Structures are given as structure tokens and as C-alpha cells.
1. Condition first: over 18 Å from the mean Cα position of the chain (by Cα), under 12 Å from Tyr34 (Cα atoms) and hydroxyl-bearing (Ser, Thr, Tyr). Now tell me which residues in the stretch 214-268 satisfy that.
2. Which residue is nearest to the chain's Cα centre (by Cα), if the candidates are limited to the stretch 22-39 and must be charged (D, E, K, R) and either within 11 Å of Ala73 (Cβ to Cβ) or crowded, with 20+ Cβ neighbours inside 10 Å (or both)?
3. Among the residues of the stretch 1-16, which ones are charged (D, E, K, R) and either over 12 Å from Met41 (Cα atoms) or touching a Lys or Arg at 6+ places or on another chain (Cβ under 7 Å) (or both)?
4. Kindly indicate which of Leu62, Leu105, Leu69 is in the same structural domain as Leu170 (by TED's automatic domain parsing) and more than 14 Å from the chain's Cα centre (by Cα).
5. Would you call Ala73 at pLDDT 95 or above and touching an Asp or Glu at 6+ places or on another chain (Cβ under 7 Å)?
6. From (1) crowded, with 20+ Cβ neighbours inside 10 Å; (2) touching a residue at least 60 places away in the same chain (Cβ under 8 Å), pick out the condition that doesn't hold for Asn245.
7. Give me the residue from the stretch 1-21 that is within 17 Å of His234 (Cα to Cα) and not aliphatic (A, V, I, L, M) and, out of that set, farthest from the chain's Cα centre (by Cα).
8. Which residue pairs have Cβ atoms under 7 Å apart, sit 6 or more places apart or on different chains, and have a first residue in the stretch 150-161 that is more than 13 Å from Pro189 (Cα to Cα) and a second that is outside any loop (DSSP other than H, G, I, E, B) and among the aliphatic types (A, V, I, L, M)?
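The values are calculated or read from the model by the stated rules, or taken from the named source; none is laboratory data. For clarity, every value in this text was computed on a predicted model and none was experimentally measured. Cβ: placed from backbone, ideal geometry, glycine included. Neighbour counts: every protein chain shown.
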Amino acid sequence: MEALKSIALLDSGVGGLTVVKEILDQLPHERIVYFGDTARMPYGPRPQEEVRKFSMQIIDFLQTQDIKLVIVACNSASAAGLPYYQQNVKYPVIGVIEPGVRAALSYTAIKKVGVIGTDGTINSGAYEECIRRLDPQVEIYSMACPLFVLIVENNLITAKETKKVAEEYLKPLKEVGVDVLILGCTHYPLMAEVIQEVMGPKVRLISSAEETAREAKEILKGNNLLNPSDNSCHHRFFVSASPENFVGIGENLINIKVKAYQVILPGI
């Protein structure tokens, strides 16, 4: 049965596991197959054409894994080519940008929305385009925070320098007085405590992970692809570099045993 197949997710590293965590909460009967491109992260500074190429390589691999839905659980990869993936993949493909935007627009009271992300995501203008399409009256303030990905991937969230980095990045957004801040990178929810402390309690942080999982649920339900089985699920994790660091962070984040396998993609 198609419904028994897996939900596939891809990211440049561990960040997409924030989406996995939400799927495990909202769709506990679904099987997960995940690919983190840890050998080539971060994606943010790379040209969009290169990120699009890397993402299609991963999607091609994931399509060999008995899947039914693809989630591009990476803002940089979503911004680089979501329509391209959708046109070239036979399964439904969703990204993480529009779900997060819809949530942000539902929460802002003063129509001042901040967006933080990688250089690639911010420079693409993908969030601005999506926000303006859904609500042209909203003021948008964007800031690239490239070091956040490296902080997360190297498990440095609790380092004393991390808060100083966050304060420097987020100062302009505090000054303009946004009331909602979109965490426009799936790595950033792992730094939510630090970001919230810097922004203050009145600013609502929006993680696209929860909204993306909700959208995946609706797509599967609409296509009669929800897994009807209540048996224990077997999840698969793949990375393009040594798996040790990924496994350590992953097990702490999603609270299940993670065994990751290294896959050497073309060009690595």
C-alpha cells in the first residue's frame, strides 16, 4: 500500500530534524526517511543553482527509498528551487517557507514581521515575496544570521559567545519593534531559547517546523495516504559525512534512537 511508505525529508544537516520532531508528534504512525547533507553544509552561502543541484541529488536518492511525500526541510533549499523540485518529482513536494509565513501573519498584531535566515534564504527574497502575496500591508524586516547554523551543527548553543552573536544579529530587529519573528532556517528553533531571551517575551517566535508538519498531515489525509498502521515505525537516517555528530545531536532532539548511514553523493 502507498500509505505504508515513508515521508522523506532533506536538509543541509541536523536542522531538518526539528521538522522530524513535529512529524513524530503529529503523525506518530508515519515512517521517516531523512537525509542530512552534512558534508556540504551550510547551504546558505552557496549559489542557488548549486543548492538546487545538491537538493535534486538528494531527492533522487530519497526516491529509491519507498516514499510518498517529500519535505524540503531546509529554507535555503526551499528558496533555491521548490517549484523546480515539484515539477521534476512524481511525489508531492512541500517546503518550509509558506507554512511559517501563514503562521506569522496569523499572530502579528501590528503587522511588523521579522525574518532571520541564512544568506541564501534572505538574499533570495522568498519570504518577502510570500508575505507580500498573502498580506501586502505587512512591514517586513529581514536579517541574515549565517553563524547560527554553524553554532547548531557544532553543538555550541550553550557557549557564552553564542548570546553575544545573537545580540549583534538581532539588535536591528529589536530596534524596529517587530512583534513576530520567523525563524527562517530549520536550524534556528534549536536556538529558540537564546533568540527569545534576546528578543524579549513580547515577541512571538515562529518555527516553520510545526506548520510544515501540519501541512504534510493535510496533504496525506487529502490523498488518502495517512499510514493506517499503529505498529512501531522504523525510521531511516542518511548523511553525506561521518554520522557521529549528527547522531548525538539527533538523539537529543527527537528522543529516539538514531542510527545514521553515510552515503557518498556524486561530487563529494
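1. Tyr261
2. Glu22
3. Glu2, Lys5, listed by residue number.
4. Values: Leu62 fails: in the same structural domain as Leu170 (by TED's automatic domain parsing); Leu69 fails: in the same structural domain as Leu170 (by TED's automatic domain parsing).
On inspection, the qualifying residue turns out to be Leu105.
5. Values: at pLDDT 95 or above: yes; touching an Asp or Glu at 6+ places or on another chain (Cβ under 7 Å): yes.
Against the criterion (at pLDDT 95 or above and touching an Asp or Glu at 6+ places or on another chain (Cβ under 7 Å)), Ala73 qualifies.
6. Unmet condition: (1).
7. Per the criteria, the residue is Glu2.
8. Correct list of pairs: Asn155/Ile249.
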